[in-house]
Amino acid sequence: MIKIFHGENVELSRKSFIEVIAKSKVDGVNEVVRLNGAEIVQSDLIQALESQSLFGGDRIVVIEGLFSRRISKEKDSLLTYIVSQLASGNSQFVLLMWEGKKILATGLKKFTGKQEVEIKEFKISGLLYKFLDQIIPGNGRPASLTFNSLIIEEPAELVFYFLVKRVTELILENSSSGSGEGYDDWRRQKLIEQASKWSGKGLTSFHRRLTEIDEAIKTGSTPSGLPSHLDIALLNL
């Protein structure tokens, strides 16, 4: 059995991933073998999936970051080996795979439709994209209204993460460095249009404000919570 956890809602996918590991221990799993997908070689994977548990009981194998590993023969060999184990009838192992982002359909192609594979994608609210697209000068009130509706559905910390990410992308676009690599053409065009409504100074100033908010929250130097600080920053766009 293989379970793959991925999606743009990293917080929720991580939470679900950890819960499944915890539940497996409650259900009698004696050993959890953890592998770093960015560094493992095939011999590590073979040993993990095919050898017996050191504790004489059930165990699960956990791999993080394999799909996001740089394209290489080693990566392709690892994924091919995993699929081959299912094809050979070796479905006794339990493999949990987690990625801290959405895996494209092409990356999941080898696993899609396989009976012993469960793919769980954790999406974020469409309202989040609306909010991010509203981050332009002079648009503070609409952005604030959307933000306050959004944090009913999503944690403020998740919204903050994507806001910082979007502002960073806009800074790169504004400076002609480019940030849309790997994006669909339509999304890249939206970034370009949004960045054109900002001055370079305005973007860096807003990014600095977000950095100050992050520092204040982490150090506990403010009695106000993250939602309040973000709301004020948005109203001052």
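The values are calculated or read from the model by the stated rules, or taken from the named source; none is laboratory data. Fair warning: this is a prediction, and the values are worked out from it, not measured in the lab. Because the Cβ atoms are built from the backbone with ideal geometry, glycine has one as well, and the counts that use them run over all protein chains shown.
Here the stretch 121-141 is the region considered, the condition is being part of a loop (DSSP other than H, G, I, E, B) and modelled with pLDDT under 90, and the residue that is surrounded by the most Cβ atoms within 10 Å (Cβ to Cβ) is I124.
Conditions tested, residue by residue: (1) of a type in the set (D, E, K, R); (2) in contact with a Phe, Trp or Tyr (Cβ under 9 Å, 6 or more places away or on another chain); (3) touching a residue at least 24 places away in the same chain (Cβ under 8 Å).
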| position | (1), (2), (3) |
| --- | --- |
| I136 | no, yes, yes |
| S144 | no, no, yes |
| V167 | no, yes, yes |
| W198 | no, yes, yes |
| K201 | yes, no, no |
| T204 | no, no, yes |
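If a residue has to be in a helix (DSSP H, G or I) and surrounded by fewer than 14 Cβ atoms within 10 Å (Cβ to Cβ) to count, how many in the stretch 195-210 make the cut? Adding up the residues that qualify gives 4.
Per-residue answers, yes or no, for (1) assigned to a helix (DSSP H, G or I); (2) hydroxyl-bearing (S, T, Y); (3) within 22 Å of the chain's Cα centre (by Cα); (4) closer than 26 Å to I171 by Cα:
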| residue | (1), (2), (3), (4) |
| --- | --- |
| E74 | yes, no, no, no |
| I82 | yes, no, no, no |
| L86 | yes, no, no, no |
| I103 | no, no, yes, yes |
| G113 | no, no, no, no |
| I119 | no, no, yes, no |
| A143 | yes, no, no, yes |
| T146 | yes, yes, no, yes |
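Per the listing E118, E19, the residue uniquely loosely packed, with under 11 Cβ neighbours inside 10 Å and at pLDDT 90 or above is E19.
When I171, I152, I192, I217 are screened for being of a type in the set (A, V, I, L, M, F, W, C), loosely packed, with under 13 Cβ neighbours inside 10 Å and assigned to a helix (DSSP H, G or I), only I152 passes.
Determine if the stretch 38-58 includes at least one residue that is part of a strand (DSSP E or B), free of Cβ contacts under 8 Å to residues at least 60 places away in the same chain and surrounded by 15 or more Cβ atoms within 10 Å (Cβ to Cβ). Step through it out loud before you land on a result.
The initial filter retains those residues of the stretch 38-58 that are part of a strand (DSSP E or B), namely none.
No, the stretch 38-58 contains no residue that is part of a strand (DSSP E or B), free of Cβ contacts under 8 Å to residues at least 60 places away in the same chain and surrounded by 15 or more Cβ atoms within 10 Å (Cβ to Cβ).
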